[in-house]
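Q: Sharing a structure with you now.
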Amino acid sequence: MFRIEKSRRIKEVPPYLFAEIDKIKAEQIARGVDVIDLTIGDPDLPTPSDIISQMKKSIEDPKNHAYPSYIGMPEMRQAVAKWYQNRFKVKLDPETEVIILIGSKEGIAHLPLAFIDNGDYGLVPDPGYPVYKTSILFAGGIPHFLPLLKENHYLPDLDKVPQAIRNKSKLLFLNYPNNPTSATAGKEFFEQAIAFCRNHNIIICHDAAYTEIYFNEKKPLSFLEVEGAKEVGIEFHSLSKTFNMAGWRIGFAVGNSEIIAALGQIKTNIDSGCFKAIQEAGITALQKDLSETKKLREIYQERKDLIMSGLKKTGLEVEPPAATFYVWLPVPDGYTSMEFATHLLNQTGILTTPGNGFGPSGEGFIRMSLTASTERIKEAANRLASLSL
Ligand SMILES: *Cc1c(COP(=O)(O)O)cnc(C)c1O
């Protein structure tokens with residue numbers, strides 16, 4: 001009999017942790033409950049119309065129908081460098097320090113193939129975006145979790161990484177503003193991380209997908225604003241959250257030219273770059289006035305305020321997020337993450353993500369996403385007011 005034997009790397013990927021909550025969701029819907037789904041980190045708002053208009057023009061142009069350059073069109077790389085200069089005052093060489101990606105997830109997932117050999121360690125935040133861990137596993141490496149604890153403002157304590165693991169680590173993934181905890185990092189933390197990684201020859205990969213979604217005057221930093229960053233690392237960026245372009249699949253990585261070139265070497269062997277029409281639409285996005293993202297922040301701000309006022313009435317103590325479109329909520333005593341997510345769903349019809357789905361240190365928390373419509377968020381806030389713990 002023919003046998004389909006999956007690779008160990010596929011078998012090692014943990015089972016879908018949210019299967020249980022999906023089951024409960026389906027049960028509630030079958031019973032006629034009007035479920036408000038706050039699990040998804042996918043912007044609900046449309047892509048701005050000028051980006052769509054550019055796409056319509058670009059798709060008609062036959063020069064865009066050929067294979068693109070694997071590192072991205074020169075014009076798009078220049079637009080990225082200009083955007084970094086305007087937004088962060090960071091200088092980038094568009095020839096060597098910028099690479100265009102098919103969404104930043106693509107670059108994050110491929111990067112470890114360039115640096116991790118069998119048995120090497122990669123340091124990953126816990127809780128964290130699941131791709132960091134799986135990409136290290138897929139490359140034959142061993143993920144080492146760095147707990148992000150509330151008492152440490154959800155920053156990893158690098159001094160706690162055991163010496164033996166430091167010496168065998170090749171990569172450190174960081175992500176601020178952070179998914180799922182919504183924490184931000186200051187210059188001091190990045191300086192510490194750079195010093196640590198320089199001492200141990202560890203490459204920093206900073207995932208900066210949420211730098212434009214923030215709620216106070218202090219704008220989130222690019223890691224590359226910090227002295228020494230370009231020597232040890234790169235930064236991933238995405239158009240998905242900033243310009244509501246999640247489905248378009250376009251992002252980029254910037255920073256150290258050798259690291260960028262190594263990622264490019266992997267990509268030449270796997271994909272053939274991002275559709276040129278999408279890159280031209282991406283140029284339109286990056287050339288927009290920086291102030292245009294303000295409207296987006298105002299929408300998330302309103303939703304955040306609604307949810308926070310609903311949560312206040314429940315008596316739960318929750319810090320309002322400083323950035324991202326997530327609320328990271330400690331569950332009340334006596335509940336696990338899954339139990340509280342289930343309780344919330346049963347009592348209010350609000351579906352949230354149990355924090356342990358993002359890693360063991362996420363246990364004791366749930367994540368609420370603000371990517372449902374403002375109307376639905378308003379309804380969720382009203383329902384929260386009647387929640388009994
Ligand atoms: C959404 C998200 C991404 C993925 O962005 P794409 O560019 O759409 O692939 C990367 N990192 C984090 C932390 C995210 O939440």
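Q: Of all residues in the range 354-372, count the ones that are within 21 Å of residue 210 (Cα to Cα) and either open to solvent by 10 Å² or more (accessible area, probe 1.4 Å) or in a loop (DSSP other than H, G, I, E, B) (or both).
A: 8
A quick yes/no check of all residues on (1) assigned to a loop (DSSP other than H, G, I, E, B); (2) within 16 Å of the ligand (Cβ to nearest atom):
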{"position": "67", "(1), (2)": "yes, no"}
{"position": "80", "(1), (2)": "no, yes"}
{"position": "94", "(1), (2)": "yes, no"}
{"position": "100", "(1), (2)": "no, yes"}
{"position": "106", "(1), (2)": "no, yes"}
{"position": "114", "(1), (2)": "no, no"}
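Residues are listed down the side, and each one gets a yes or a no for (1) touching a helix residue (DSSP H, G or I) at 6+ places or on another chain (Cβ under 7 Å); (2) in a helix (DSSP H, G or I); (3) at pLDDT 95 or above; (4) not assigned by TED's automatic domain parsing to the domain that holds residue 107:
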| residue | (1), (2), (3), (4) |
| --- | --- |
| 280 | yes, yes, yes, no |
| 297 | no, yes, yes, yes |
| 316 | no, no, no, yes |
| 319 | no, no, no, yes |
| 381 | yes, yes, yes, yes |
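Q: Kindly indicate which of 339, 375, 317 is under 22 Å from residue 18 (Cα atoms), surrounded by fewer than 22 Cβ atoms within 10 Å (Cβ to Cβ) and free of Cβ contacts under 8 Å to residues at least 24 places away in the same chain.
A: Values: 375 fails: under 22 Å from residue 18 (Cα atoms); 317 fails: under 22 Å from residue 18 (Cα atoms).
When all the criteria are applied, what remains is 339.
Q: So if I check each of 133, 150, which one is among the basic types (Lys, Arg), closer than 24 Å to residue 252 by Cα and either without any contact (Cβ under 8 Å) to a residue 12 or more places away in the chain or open to solvent by 30 Å² or more (accessible area, probe 1.4 Å) (or both)? Full working, then the answer.
A: Working: 150 fails: closer than 24 Å to residue 252 by Cα.
After ruling out the rest, the residue left standing is 133.
Q: Look through the range 173-188, keep the residues that are under 9 Å from residue 324 (Cβ atoms) and more than 10 Å from the ligand (Cβ to nearest atom), and return whichever of them is most open to solvent (accessible area, probe 1.4 Å). Give the derivation first.
A: Narrowing the range 173-188 to residues under 9 Å from residue 324 (Cβ atoms): 177-184.
Filter once more, so that each one left must be more than 10 Å from the ligand (Cβ to nearest atom): 181-184.
Details: 181: 5, 182: 12, 183: 13, 184: 60 Å².
Here the answer is 184.
Q: Taking the range 9-45, which residues are touching a residue at least 60 places away in the same chain (Cβ under 8 Å) and farther than 27 Å from residue 328 by Cβ? Let's see the steps before the verdict.
A: Of the range 9-45, the ones touching a residue at least 60 places away in the same chain (Cβ under 8 Å) are 9, 12-13, 17-18, 20-21, 24-25, 28, 33-45.
Within the range 9-45, 9, 12 qualify.
Q: Restricting to the range 17-45, and then to whatever is open to solvent by 50 Å² or more (accessible area, probe 1.4 Å) and touching a Gly at 6+ places or on another chain (Cβ under 9 Å), can you tell me which residue is farthest from residue 367 (Cα to Cα)?
A: Among residues in the range 17-45 that are open to solvent by 50 Å² or more (accessible area, probe 1.4 Å) and touching a Gly at 6+ places or on another chain (Cβ under 9 Å), the one farthest from residue 367 (Cα to Cα) is 34.
Q: Next question. So which of 247, 251, 334, 362 ends up being within 16 Å of the ligand (Cβ to nearest atom) and free of Cβ contacts under 8 Å to residues at least 12 places away in the same chain?
A: Values: 251 fails: free of Cβ contacts under 8 Å to residues at least 12 places away in the same chain; 334 fails: within 16 Å of the ligand (Cβ to nearest atom); 362 fails: free of Cβ contacts under 8 Å to residues at least 12 places away in the same chain.
Step by step, each of 247, 251, 334, 362 is checked, and only 247 is within 16 Å of the ligand (Cβ to nearest atom) and free of Cβ contacts under 8 Å to residues at least 12 places away in the same chain.
The values are calculated or read from the model by the stated rules, or taken from the named source; none is laboratory data. All figures in this text were calculated on a predicted structure; none of them were measured in a lab. Quick reminder, even Gly has a Cβ in these numbers, built from the backbone with ideal geometry, and neighbours come from all protein chains shown. Ligands, DNA and RNA are stripped out before the accessible areas are found, and what is left, the full protein with its side chains, is counted by its heavy atoms. Shrake-Rupley method; radii C 1.70, N 1.55, O 1.52, S 1.80 Å.
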